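A.B. asks: Sharing a structure with you now.
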Amino acid sequence: MYDQLSLYPITNSKRLSLSLDGMWNFCFDPASIGEKENWMSGLHSSISLPVPSSFQDLFTDQYSKNYCGDFWYERDFFVPEHDGNIQLRFGSITHRGVVYVNGVKVTEHEGGFLPVLCDITSCVRKGEVNHLSVKANNELNERSLPCGAVKTLKNGTRIAAPYFDFFNYAGLNRSVYLVLLPEERIQDYSVNYTLNDQDALVDYEVRTNGEHEVKVSLFDKEGNCVAQSNGKKGQLKVEKAHLWKVRNAYLYTLKIAIEDGGKLIDAYEDKIGIRTVKVEGKRILINGEEVYLKGFGKHEDFDIIGRGFNLPLLKRDYECMKWMNANCFRTSHYPYAEEWYRFADEEGFLIIDEVAAVGMMRSTHNFVDAGMGKYTSFFETPTVPELLKNHLSQVEEMITRDKNHPSVFAFSLFNEPETTSSFAHDYFAKVFEKAREIDPQHRPMTGAFEKNSAPEKCQCYMLVDFMCLNRYYGWYISGGPDISDAVEKFHDEMKRWEAKGFNGPIVFTEFGTDTLATEHKLPSVMWSQEYQCEYLEENFKVFDTYDFIQGELVWNFADFQTTEGIFRVNGNKKGVFTRERQPKDSAFVLKRRWENK
Ligand code: GCB
């Protein structure tokens, strides 16, 4: 089904991946006339804009920053002479896009956080320059993920009204590749692991579009071949296997080849990590060993580039997380660029990989309503079947793309939807069923629940393998001088979950306070650095009381941009780091705690 979605583009003797990153032509299309006026054959007027990047913060005017509607990117690209298959791979087109090559539509894709792949073999001119254009669109609605609406101002300007708490950054946020492949090729592979005393069994499955022989071999770090097998489906036995461990990763190289007699037809190689994942009773086990999750909810977010991918930023974020003694993060609230997972594999970080199912509550102040436990209906509306269709296909694309990363130990299938109606239960039962059916490693499936998903009311908690709770006791609930009440309310909820007999582990995937890096106050006040530290300490006391609490992912790793409003001061300031990735005082509190936890 998916040709190359799980295969990060590489170059070897059979494959050539050429980056198309750089300056592209760009223009807005507020009246959506581009297609009628044949813009796919060439934009009438355009400016230069960098790819990858979100477009919003590159401009200096309000109109461009808040633009909502269609917009176009184009560039010319040279296609070398090539006998086989030719594809384009966009890391993402946010939130949706139509791709044209030489004026011919080659694909369209819904969802802004997963790759867009196009087979362009039949419409490119080989050995010549070709024309590539993308009509993208960043409108939000209730049929697509994430959910939101478009608001039309009295002067006719249309702006995004997200039902979520992050800026609606859009554009070509990730790298774009031209990929030359052999006609008969490796299209997908998956692996699963069983540990057997000191040895490991690697069950693999390779998908190709031909019948020639498939050979699979595994190499250790020193380059020694440690196991080999033939066939599209098989098992590799690794004696005295080096396991991929949390913050102590060991990666093997898996080499897949298609051969005709002794002749190589296609080859692909990837790094894999041997590890098992299991939820058992109240514990999360990696290789049978208990792990307590320490880390953050994050965002792909930075000054100027918005949600555009940036390698130095990735490196800095990992260095900060390592310095903090963290071992885990959640890709809140959408699947990140593939490089994030590749680096986590290398560094031994655990990832809760989240699909862009956020905003499933009809409210632009979702985060406040959610934090306070206010009910907002959602799953009763007629647009839900279409939303579900999108949800299922994005879960499928995410799991297909990310299934082979050892760092990905769980998938999160939602963030803070309405979960108290039978409509919600029926909806999510289908999403979980699909996810479990697709994942070859049968990883734990979860979702992040807001305050209204209380033990007595929530109709969805029974669907998850471990529960992720987003709780703001001491911030949205009983903050500042009321914090002792917050602690009592927190204990009360935990006791109610205990009484409910939820048997799995609970992980806190959000807790935190907005904190201005400029504010200090003794005694503390809300928004000061001192308060963020005190709040964390109070939360830790609660976490340490219950043995079913198996993780703490602070909201958020760094300050990030949001829609403007009276609740946000130039963005969400719950970062433990500033948006520039410098520590607030709370970073030292967490670093100390996590050193010994
Ligand atoms: C939440 C949301 C998150 C918000 C956060 C907040 O519950 O999941 O997207 O940013 O609260 O800071 O209010």
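Where a number appears in this text, it was derived from the coordinates with a stated rule and is not lab data. Treat the numbers as computed from the prediction; the structure is a model and nothing was measured. Here the Cβ is made from the backbone with ideal geometry for all residues, glycine too, and neighbour counts use every protein chain on show.
A.B. asks: Long-range amide H contacts for VAL277: which residues qualify at under 5 Å (H placed 1.01 Å from N, peptide plane, sequence gap of 5 or more or a different chain)?
C.D. replies: Result for VAL277 returns ASN287.
A.B. asks: Based solely on its DSSP helices, what 222 nm [θ] is calculated for the chain when runs of n ≥ 4 H residues each add -39,500 (n - 2.57) and the sum is averaged over all residues, nearest 500 deg cm²/dmol?
C.D. replies: Helix contribution divided over all residues of the chain: -6000 deg cm²/dmol.
A.B. asks: Now a separate question. First select every other residue whose beta carbon is under 14 angstrom from the beta carbon of ASP426; then total the charges, Lys and Arg +1, Asp and Glu -1.
C.D. replies: -1
A.B. asks: Work out the FRET efficiency for LYS521 and PHE567 from their Cβ-Cβ distance, taking R0 = 22 Å, and round it to the nearest 0.05.
C.D. replies: 0.65
A.B. asks: Please list, in chain and number order, the residues 5+ apart from VAL226 or on another chain whose amide H is under 5 Å from its amide H, with Hs placed from the backbone.
C.D. replies: When sequence neighbours closer than 5 places are left aside, the close amide H contacts are LEU218, PHE219, ASP220.
A.B. asks: Here's a follow-up. With θ set to phi - 60°, apply the Karplus curve 6.51 cos²θ - 1.76 cosθ + 1.60 along region 516-530 and write out the HN-Hα couplings as whole Hz, x wherever there is a Gly or Pro.
C.D. replies: Rounded to whole hertz, the list is 8, 4, 8, 9, 10, 7, 10, x, 5, 10, 4, 5, 8, 5, 4.
A.B. asks: List every residue whose amide H lies under 5 Å from the amide H of ILE265, counting only residues 5 or more places away in sequence or on a different chain, with H placed 1.01 Å from N in the peptide plane.
C.D. replies: Under 5 Å from the amide H of ILE265 lie the amide H atoms of ILE258, GLU259, ASP260, each far enough along the sequence or on another chain.
A.B. asks: Name the aspartates and glutamates eligible as straight-distance cross-link partners of LYS154: C-alpha to C-alpha under 15 Å, and not fewer than 8 places from it in the same chain.
C.D. replies: List returned: none.
A.B. asks: Which FRET efficiency, nearest 0.05, do ASN38 and LEU18 yield, Cβ-Cβ r, R0 30 Å?
C.D. replies: 0.65
A.B. asks: With unit charges on the beta carbons (Lys and Arg positive, Asp and Glu negative) and the dipole taken about the Cα centre of the chain, which residue among VAL176, GLY512, ALA356 sits farthest to the positive side?
C.D. replies: Positive-most Cα among the choices belongs to GLY512.
A.B. asks: Here's another thing I want to ask about it. If you scale each eigenvalue of the Cα gyration tensor by 5 and take the root, what three semi-axes come out for region 291-594, rounded to whole angstrom and sorted largest first?
C.D. replies: After diagonalising the Cα gyration tensor, the semi-axes are 27, 24, 19 Å.
A.B. asks: Mind running the shape call on region 21-174? Use the C-alpha gyration tensor, a ≥ b ≥ c as the square roots of the eigenvalues: rounded below 1.5 for a/c, prolate if a/b tops b/c, oblate otherwise.
C.D. replies: It is prolate, given that a/c is not under 1.5 and a/b is the larger ratio.
A.B. asks: Shifting gears a bit: Just to confirm the filter: which GluC sites (Glu not before Pro) across region 1-81 are DSSP coil and have at most 10 other Cβ within 10 angstrom of their Cβ?
C.D. replies: GLU81
A.B. asks: Then there is this: Relative to the present Cα-Cα distance, how much length would full extension add between ALA31 and GLU108 at 0.36 nm per residue of separation?
C.D. replies: Using 0.36 nm per residue and subtracting the Cα-Cα distance, I get 25.7 nm.
A.B. asks: DSSP loop (so not H, G, I, E, B), at most 15 other Cβ within 10 Å: list which GluC sites (Glu not before Pro) in region 517-597 pass both filters.
C.D. replies: Here the GluC sites (Glu not before Pro) that fit, given the DSSP loop and packing criteria, are GLU564, GLU580.
A.B. asks: Something else now. Taking θ = phi - 60°, what integer Hz values does the Karplus form 6.51 cos²θ - 1.76 cosθ + 1.60 yield along region 315-322, in sequence order, with x for Gly and Pro?
C.D. replies: Result, ordered by residue: 4, 4, 4, 5, 4, 5, 5, 5 Hz.
A.B. asks: So, one more: List the aspartates and glutamates whose Cα lies under 15 Å from the Cα of LYS597, skipping any in the same chain that are fewer than 8 positions away.
C.D. replies: GLU289, GLU290, GLU537, ASP544, ASP547, GLU552
A.B. asks: For GLU380, put the label point 7 Å out on the Cα→Cβ axis and report which residues of region 414-436 keep their amide N under 19 Å from it.
C.D. replies: Output list for this probe position: 417-428.
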